[in-house]
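The values are calculated or read from the model by the stated rules, or taken from the named source; none is laboratory data. For clarity, every value in this text was computed on a predicted model and none was experimentally measured. No Cβ is skipped: glycine too gets one built from the backbone with ideal geometry, and neighbour counts run over all protein chains shown. In case anyone asks, the SASA skips ligands and DNA or RNA and just uses the protein heavy atoms, side chains included. Shrake-Rupley method; radii C 1.70, N 1.55, O 1.52, S 1.80 Å.
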Amino acid sequence: MAKIDFAINSEGQRVSIHSEKLNRHGFIAGATGTGKTVSLKVLAEHFSALSIPVFLSDFKGDLSGLFKAGEATEKIEERRKKCGLSESEFSYRAFPVEFFSFTKEGGIPLRTTVSEMGPLLLSRILNLSDVQSDILRIIFRIADEEGLLLLDLKDLRSMLQYVSENSKEYEKSYGKLSTQSLNAILRSVVALEDRGGEEFFGEPAINVKDFFRLTTNSEGVISILDAKSVASDPKIYSTFLLYLLSELYENLPEVGDLEKPRMVFFFDEAHLLFQDTSKVLLEKITQVTRLIRSKGIGIYYVSQNPADIPEEILSQLGNKIQHGLQAYTPGERKKLKAVADSFRENPAFDTLEVLENLGTGEALVSCLDPDGKPTMVEKVMIFPPQTFLGELSPEEKERAKLGSDLALKYDEMIDRDSAYEMLTRKGLSEEAEKEKAVSEKEEERDKAQTSKLQNRVVKSVSRSVSGSIGREVGASIGKSVFGKGMGRRLGGNIGAALGRGILETLFGR
């Protein structure tokens with residue numbers, strides 16, 4: 001069991017998180033500019049040093065500084081001394097970092113397949129109604145039953161078009177599939193493509209086990225997702241991170257409580273996860289949060305106010321770091337009091353009063369003790385970070401990406417045979433069959449027309465007198481119907497033959 005010192009209290013004592021309680025989850029909250037980012041960085045540094053891999057998302061870009069050694073500025077040095085950190089236990093240094101991105105710029109492309117995302121999460125990204133979500137679930141079912149792989153968005157588009165064209169056939173098994181709903185889903189898919197969605201649906205899909213990496217000297221690799229590219233589309237960001245959590249939960253074995261977690265997952269801007277979230281999806285998030293700790297994963301939600309997090313999830317977060325909050329309305333005042341009341345009271349101070357007067361870098365903290373009970377709330381100063389305070393340049397990020405072996409694995413998208421290609425071939429095959437059927441019908445019609453014309457010739461020639469007259473008449477009609485050469489011979493022969501028959505009849509031969 002290891003203790004992770006990350007702050008100092010007002011009595012000069014160090015405040016710690018016990019490593020075996022890290023998988024009991026937690027939150028970091030506070031208003032803008034109160035020090036949430038620094039707290040996150042300090043925890044990530046300590047976890048990495050303890051051989052715990054970390055995954056975190058970066059909306060503003062300032063977490064990228066974990067890749068670079070910090071600088072001894074006056075403010076950092078002042079805080080280091082206030083926290084009682086000697087030069088031997090605190091050094092400016094970099095940590096092992098992998099940069100990921102939803103695009104090829106800014107990091108290793110982070111993508112998944114449509115099939116792996118599944119209809120529930122995809123419905124959230126597409127802003128589908130309940131009825132449309134049910135139809136999308138049927139689309140996935142049909143694709144599975146017919147062996148049609150849904151890898152990227154063009155696969156999903158082709159599948160929607162295919163089912164729409166054959167809806168009558170599928171209604172026998174799945175009920176009425178509204179053309180209007182299918183078209184609405186299709187429009188949502190096209191809109192997602194226009195928003196850049198085609199960049200993060202496809203192969204190679206991310207393998208979450210690539211987040212569980214250690215360096216040769218046993219430091220945990222910090223995986224940073226550059227989320228700036230989807231800052232204007234929060235549903236893509238929050239749904240994708242929820243997908244990653246689901247993948248971790250579904251693919252990892254049960255391990256129970258370990259001396260330290262296998263990985264810690266920081267969910268920044270956590271309020272985005274719960275905006276416009278359906279009851280079904282909220283139940284799934286709650287379930288994953290509750291059960292994933294048995295897989296050795298710790299989740300830390302980062303947001304401005306704990307009230308952003310639903311009560312059923314907030315109650316599962318044992319390690320709390322609360323930075324300053326202000327209340328300007330009666331409603332905000334009520335929320336502020338609820339935050340203060342959520343801590344185990346410390347008789348040394350008034351929690352609500354301290355919460356309203358916390359300075360930058362200060363926080364109210366309560367962690368789980370070795371018995372799993374929350375400690376009394378303490379007012380603390382968070383340690384300074386050892387890494388760079390600020391954002392890396394694009395050139396520095398690109399160098400970091402080029403130095404990663406994961407870039408070779410994920411950088412180039414692969415477009416293998418899937419639903420789009422299969423349905424395209426099927427469509428071409430059906431078109432060829434239709435053309436063949438049309439050709440056969442035209443050939444039968446031509447034969448019938450030829451036969452009809454031949455009969456007309458016969459009837460015309462039969463009215464002629466005989467022999468040479470019949471031959472000339474037949475030749476003339478045959479020429480007009482069948483052409484000059486063949487028509488003359490054919491018509492003449494028919495006319496002559498009929499002439500012979502008529503003469504034999506007339507003269508009793």
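State all residues of the stretch 40-97 that are assigned to a loop (DSSP other than H, G, I, E, B) and among the hydrophobic types (A, V, I, L, M, F, W, C); if no residue qualifies, say none. Show your work before the answer.
Step one: filter the stretch 40-97 for residues assigned to a loop (DSSP other than H, G, I, E, B), giving 50-53, 59-61, 68, 70-73, 83-96.
L50, I52, F59, A72, C83, L85, F90, A94, F95 - these are the residues of the stretch 40-97 that are assigned to a loop (DSSP other than H, G, I, E, B) and among the hydrophobic types (A, V, I, L, M, F, W, C).
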Just one listed residue, out of E198, E254, is open to solvent by 30 Å² or more (accessible area, probe 1.4 Å), in contact with a Lys or Arg (Cβ under 9 Å, 6 or more places away or on another chain) and closer than 25 Å to L126 by Cα, and it is E198
Please work out which residue is most open to solvent (accessible area, probe 1.4 Å), limiting yourself to the stretch 281-321 and to residues that are free of Cβ contacts under 8 Å to residues at least 40 places away in the same chain and over 16 Å from L242 (Cβ atoms). E311
I'm told G106 meets every condition in (1) touching a strand residue (DSSP E or B) at 6+ places or on another chain (Cβ under 6 Å); (2) open to solvent by less than 10 Å² (accessible area, probe 1.4 Å); (3) at pLDDT below 95 except one. Can you identify the failing condition by its number? (2)
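Does the stretch 396-431 hold any residues that are over 28 Å from S101 (Cβ atoms) and buried (at least 16 other Cβ atoms within 10 Å of the Cβ), and which are they? Steps first, answer last, please.
Taking the stretch 396-431 as the starting set, the residues that turn out to be over 28 Å from S101 (Cβ atoms) are 422-431.
Correct list: M422, L423.
Are any of the residues in the stretch 263-275 of a type in the set (D, E) and surrounded by fewer than 22 Cβ atoms within 10 Å (Cβ to Cβ)? Give the steps one after another, and end with the answer.
Of all residues in the stretch 263-275, those of a type in the set (D, E) come to 268-269.
If we keep only those that are surrounded by fewer than 22 Cβ atoms within 10 Å (Cβ to Cβ) as well, we get 269.
Within the stretch 263-275, one or more residues are of a type in the set (D, E) and surrounded by fewer than 22 Cβ atoms within 10 Å (Cβ to Cβ).
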Among the numbered criteria (1) open to solvent by 10 Å² or more (accessible area, probe 1.4 Å); (2) touching a residue at least 40 places away in the same chain (Cβ under 8 Å); (3) of a type in the set (A, V, I, L, M), which one does L242 miss? (1)
How many residues of the stretch 152-171 are closer than 14 Å to M422 by Cβ and touching a strand residue (DSSP E or B) at 6+ places or on another chain (Cβ under 7 Å)? The answer is 1
Of the residues V230, V189, only one is aliphatic (A, V, I, L, M), at pLDDT below 90 and open to solvent by less than 30 Å² (accessible area, probe 1.4 Å); which? V230
Is there a residue in the stretch 372-391 that is within 35 Å of the chain's Cα centre (by Cα), open to solvent by 70 Å² or more (accessible area, probe 1.4 Å), at pLDDT 90 or above and β-branched (V, I, T)? no
Residue within the stretch 69-92 that is crowded, with 17+ Cβ neighbours inside 10 Å and under 30 Å from A205 (Cα atoms) present: no
Any pair with Cβ under 7 angstrom, 6 or more apart, that starts in the stretch 92-121 at a residue that is free of Cβ contacts under 8 Å to residues at least 24 places away in the same chain and more than 14 Å from K228 (Cα to Cα) and ends at one that is of a type in the set (F, W, Y) and open to solvent by 10 Å² or more (accessible area, probe 1.4 Å): P119/F140
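Which residue, of E443, E431, is at pLDDT below 90, acidic (D, E) and within 30 Å of L150 (Cβ to Cβ)? Reasoning before the result, please.
Details: E443 fails: within 30 Å of L150 (Cβ to Cβ).
After ruling out the rest, the residue left standing is E431.
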L43 vs (1) under 29 Å from the mean Cα position of the chain (by Cα); (2) under 25 Å from F100 (Cβ atoms); (3) surrounded by fewer than 23 Cβ atoms within 10 Å (Cβ to Cβ): all pass except (3)
If I filter the stretch 214-227 down to residues being buried (at least 17 other Cβ atoms within 10 Å of the Cβ) and not hydrophobic (A, V, I, L, M, F, W, C), which single residue comes out as modelled with the lowest pLDDT? D226
How many residues does the stretch 89-136 contain that are over 15 Å from K401 (Cβ atoms), polar (S, T, N, Q) and within 15 Å of the chain's Cα centre (by Cα)? 5
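Is it the case that some residue within the stretch 164-175 is in contact (Cβ under 8 Å) with a residue 60 or more places away in the chain and open to solvent by less than 70 Å² (accessible area, probe 1.4 Å)?
Kept after step one, since they are in contact (Cβ under 8 Å) with a residue 60 or more places away in the chain, are these residues of the stretch 164-175: none.
Taking every residue of the stretch 164-175 in turn, none turns out to be in contact (Cβ under 8 Å) with a residue 60 or more places away in the chain and open to solvent by less than 70 Å² (accessible area, probe 1.4 Å).
Can you pull out the residues in the stretch 322-338 that are among the aliphatic types (A, V, I, L, M) and free of Cβ contacts under 8 Å to residues at least 60 places away in the same chain?
Within the stretch 322-338, the subset among the aliphatic types (A, V, I, L, M) is 325, 327, 336, 338.
Within the stretch 322-338, A327, L336, A338 meet the criteria.
Inside the stretch 322-371, can you point out the residues that are small (G, A, S) and surrounded by 16 or more Cβ atoms within 10 Å (Cβ to Cβ)?
Restricting attention to the stretch 322-371, the residues satisfying the condition of being small (G, A, S) are 324, 327, 331, 338, 340, 342, 348, 359, 361, 363, 366.
Result: G324, A327, A340, S342, G361, A363, S366.
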Out of the helices (runs of 4 or more DSSP H) lying entirely within the stretch 289-395, which hold 1 or more residues that are among the hydrophobic types (A, V, I, L, M, F, W, C) and within 30 Å of V255 (Cα to Cα)? 311-314
Subset of the stretch 348-379, residues closer than 28 Å to A2 by Cα, without any contact (Cβ under 8 Å) to a residue 40 or more places away in the chain and touching a helix residue (DSSP H, G or I) at 6+ places or on another chain (Cβ under 9 Å), comes to V377
Under the condition of being outside any strand (DSSP E or B) and free of Cβ contacts under 8 Å to residues at least 24 places away in the same chain, which residue from the stretch 1-20 is surrounded by the most Cβ atoms within 10 Å (Cβ to Cβ)? Q13
How many residues are surrounded by fewer than 19 Cβ atoms within 10 Å (Cβ to Cβ) and either at positive phi or among the basic types (K, R) (or both) when one looks only at the stretch 130-156? 3
